[in-house]
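Written below as structure tokens is the structure these notes are about.
Any read-out appearing in this document is the output of simple, stated calculations on the displayed coordinates, not a laboratory observation. Fair warning: this is a prediction, and the values are worked out from it, not measured in the lab. Here the Cβ positions follow ideal geometry from the backbone for every residue, glycine too, while neighbour counts run over all protein chains shown.
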Amino acid sequence: MLYEKKKSLIAKLLLLFTTIVWGSTFVILKDTLASLPMYFILTIRFLLGGILIAIAFSKRWKNFSWDIVWRGGITGVILTGAYVTQTIGLNHTTPGTNAFLTATYAVMVPFMMWGITKKAPTIFNVLAALLGFVGIGLVSFDGGLKGFNIMGEGMTLVCGVFFALQIVFIAILGKGKDSILFTVFELIGCGLCMLVLYLMTELDQEITLNFSASWKLVYLTVMGTAFALLAMTWGMEHTDTSSASLIMSLEAVFGVIFSIILYKEKVTLQVGLGFAVIFIALVVSEYVNSKYLEKKEKQSSSCKSQ
């Protein structure tokens with residue numbers, strides 16, 4: 001019992017560290033985009049990230065099957081859409097805004113899953129969606145209609161839709177498959193898509209890998225992709241869903257903190273209020289809703305046992 005509690009605590013700390021790492025990647029990617037082509041960065045990040053995970057978990061290859069290749073690959077195409085639109089958005093808005101608007105994918109997932117599982121969203125899902133809509137409006141329309149940047153806030157919201165779709169595809173195509181191998185082929189599939197985009201659009205651009213750009217690229221690949229995904233997978237396996245979801249929702253918060261400290265982002269009162277409302281929406285969607293479902297399941301089990 002003591003061992004399980006210790007493992008759960010380590011898992012929660014690992015998840016918290018993962019959210020800090022992911023929060024930092026918004027600013028680091030923003031800086032890296034100033035010196036390296038976008039698709040070059042994303043190609044290295046996902047191709048190498050997938051290969052590193054494949055090497056780290058070489059024993060998992062005993063679970064290999066050819067269908068996991070196409071299942072992970074298709075999900076990788078969706079992930080490509082998510083990161084392309086997110087990175088374009090990041091190029092035209094602040095890291096903090098990009099982080100919070102990206103995080104709204106968590107609010108969208110229950111409604112996308114509704115059409116597949118036929119399981120209607122709970123009252124808390126609906127409340128989270130309404131709060132998310134208000135928060136998006138506050139962040140996106142700071143300064144009125146003219147404050148909305150289609151290439152910035154607009155593309156970031158599109159990326160949120162892609163990330164929600166990615167989760168849906170993982171739930172459908174990854175069901176019953178080895179999660180590590182599925183992730184490997186998802187990342188490699190995404191990396192190959194980025195490579196095609198690089199060859200089509202950026203091949204003539206000069207690549208200067210100075211020390212600053214190099215360590216940022218290594219950080220994004222090793223820490224922000226390979227390590228973070230592995231830590232998240234292990235952490236979520238060894239802690240309860242409600243705690244994990246609450247911790248993971250802090251990614252956007254850390255994104256803003258790093259943006260304020262490193263990028264010198266200035267947050268207006270309206271945008272700050274929007275961030276707060278979106279964070280409340282994430283807590284309601286991930287934590288409160290998880291607690292509600294756990295309580296409902298216990299009541300259902302109790303009724304059946306009687």
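So here's what we get for this one:
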read-out: Stretchable slack from Val77 to Asp204, in nm (0.36 nm times residue separation minus alpha-carbon distance); value: 43.3 nm
read-out: Kyte-Doolittle at least 0.5, axis length at least 30 Å by Cα - qualifying DSSP helices, the chain; value: 2-32, 66-91, 179-201
read-out: Helical contribution to [θ] at 222 nm, DSSP H n ≥ 4, -39,500 (n - 2.57), averaged over the chain, rounded to 500; value: -24500 deg cm²/dmol
read-out: Estimated FRET transfer efficiency (Lys298, Leu13; beta-carbon r; R0 35 Å; 0.05); value: 0.80
read-out: Fewest-first sequence of Phe64, Phe26, Phe182, Phe163 by Cβ atoms within 10 Å of each Cβ; value: Phe64, Phe182, Phe163, Phe26
read-out: Lys, Arg +1 and Asp, Glu -1 on Cβ, resulting dipole of the chain about Cα centre, debye, nearest 20; value: 1000
read-out: The chain - percent relative contact order, Cα under 8 Å, separation 6 or more; value: 41
